[in-house]
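The values are calculated or read from the model by the stated rules, or taken from the named source; none is laboratory data. It should be emphasised that the depicted structure is a prediction, and the values quoted were computed from it without experimental measurement. Because the Cβ atoms are built from the backbone with ideal geometry, glycine has one as well, and the counts that use them run over all protein chains shown. Quick note on the areas: whole protein, heavy atoms, side chains included, nothing else; ligands and nucleic acids left out. Shrake-Rupley method; radii C 1.70, N 1.55, O 1.52, S 1.80 Å.
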Amino acid sequence: NNRNIGISVDARVGNNRSLPFENSSFDCIVSWNVCYYFDETMDISLHAAEYARVCKPGGIMVFSIPQKNCFIYKDCVDRGNGLVEITSDPYNIRNGIVLYRFEDERAITREFGEYFEDFHFGSIEDNCFGLNYYWHIGYCRRKNH
């Protein structure tokens with residue numbers, strides 16, 4: 001209920017290759033467990049370019065991305081070029097979905113580095129009811145060009 005805290009919300013439906021916002025709309029963007037989901041366009045560089053498009057030069061992107069050993073990738077099918085199809089989602093909601101699986105922090109920096117710089121990483125490792133939640137977390141700055 002936003003009446004109690006005075007926040008106005010502008011929620012829109014979009015996807016990683018077509019965000020429904022104008023160029024340079026945000027000082028900070030948050031990609032929490034979303035930048036690696038794919039639909040018919042299977043190119044992570046398009047996602048990086050789209051995130052950069054809506055972020056102001058010098059703005060911050062905060063992100064979380066599953067590590068290679070995260071539970072969601074168990075028994076996944078390798079589709080090549082970093083893409084995997086999810087087949088064993090314990091919640092039965094992502095089976096058949098294609099995700100980009102980053103090998104490590106260097107891969108995240110490489111894929112987003114054309115548009116972002118000054119990467120800082122941390123991690124989350126949690127065994128929650130038998131599921132290994134392992135995530136890269138971090139932030140980076142939108143390049144000024």
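Dividing the summed helix terms, -39500 (n - 2.57) for each DSSP H run of n ≥ 4, by the number of residues in the chain produces a 222 nm estimate of -4000 deg cm²/dmol to the nearest 500. Each of N23, Y134, H120 was scored by the projection of its Cα onto the charge dipole of the chain, and the greatest displacement toward the positive side belongs to N23; charges sit on the C-beta of Lys, Arg, Asp and Glu.
The GNM of the chain, with springs linking C-alpha atoms under 10 angstrom apart, assigns the highest mean-square fluctuation among I29, I93, I108 to I93. The charge dipole of the chain, taken about its Cα centre with unit charges on the Cβ of Lys, Arg, Asp and Glu (plus for the first two, minus for the last two), comes to roughly 320 debye. Couplings 3J(HN,Hα) for the range 108-124, derived from phi with the Karplus relation 6.51 cos²θ - 1.76 cosθ + 1.60 (θ = phi - 60°), are 5, 4, 4, 6, 9, x, 5, 10, 10, 9, 6, 6, 10, 10, x, 8, 10 Hz, where x marks Gly and Pro. Report the paramagnetic label zone for D126: residues of the range 87-103 whose backbone N is under 17 Å from a point 7 Å from Cα along the Cα-to-Cβ axis. What the label zone holds, given the 17 Å backbone N cut-off, is 90-91. Checking every one of the GluC sites (Glu not before Pro) in the range 48-145 against DSSP loop status and a limit of 16 other Cβ atoms within 10 Å picks out E103, E114. To the nearest 0.05, what FRET efficiency results for E40 and N81 with a Förster distance of 22 Å applied to their C-beta separation? FRET efficiency, E40 to N81: 0.90.
On a per residue basis, the range 20-72 carries 43 Å² of accessible surface, using protein heavy atoms and a 1.4 Å probe.
Here the gap between I7 and V62, fully extended at 0.36 nm per residue and compared with their Cα-Cα distance, gives a gain of 17.7 nm.
Give the shape of the range 85-143 as rounded, prolate or oblate, defined through the alpha-carbon gyration tensor: a ≥ b ≥ c are the square roots of its eigenvalues, a/c under 1.5 means rounded, and otherwise the shape is prolate if a/b is larger than b/c and oblate if not. Intermediate values should be presented prior to the final figure.
Numbers: a/c = 3.26, a/b = 1.69, b/c = 1.92.
Here the range 85-143 falls in the oblate category.
Could you look at the range 1-72 and say what percent of its accessible area is carbon and sulfur, using a 1.4 Å probe and all protein chains? Using a 1.4 Å probe with all protein chains present, the range 1-72 comes out at 52 percent carbon and sulfur. Model label points for R53 and R141, set 7 angstrom from Cα along the Cα-to-Cβ axis, are 2.5 nm apart. Just add up the charged neighbours of N132: K/R +1, D/E -1, any other residue whose Cβ is under 10 Å from the Cβ of N132. Its environment carries a net charge of -1.
Please build a GNM for the chain, connecting alpha carbons under 10 Å apart, and tell me which residue among I124, I65, I44 fluctuates the most. Checking each option, the largest mean-square fluctuation is seen for I124. Positive-end ranking of A49, P90, V9 along the dipole of the range 1-102, with charges on Cβ about the Cα centre, is headed by V9.
When the chain is treated as a GNM with alpha-carbon contacts under 10 Å, the residue of Y100, Y91, Y37 showing the greatest mean-square fluctuation is Y91.
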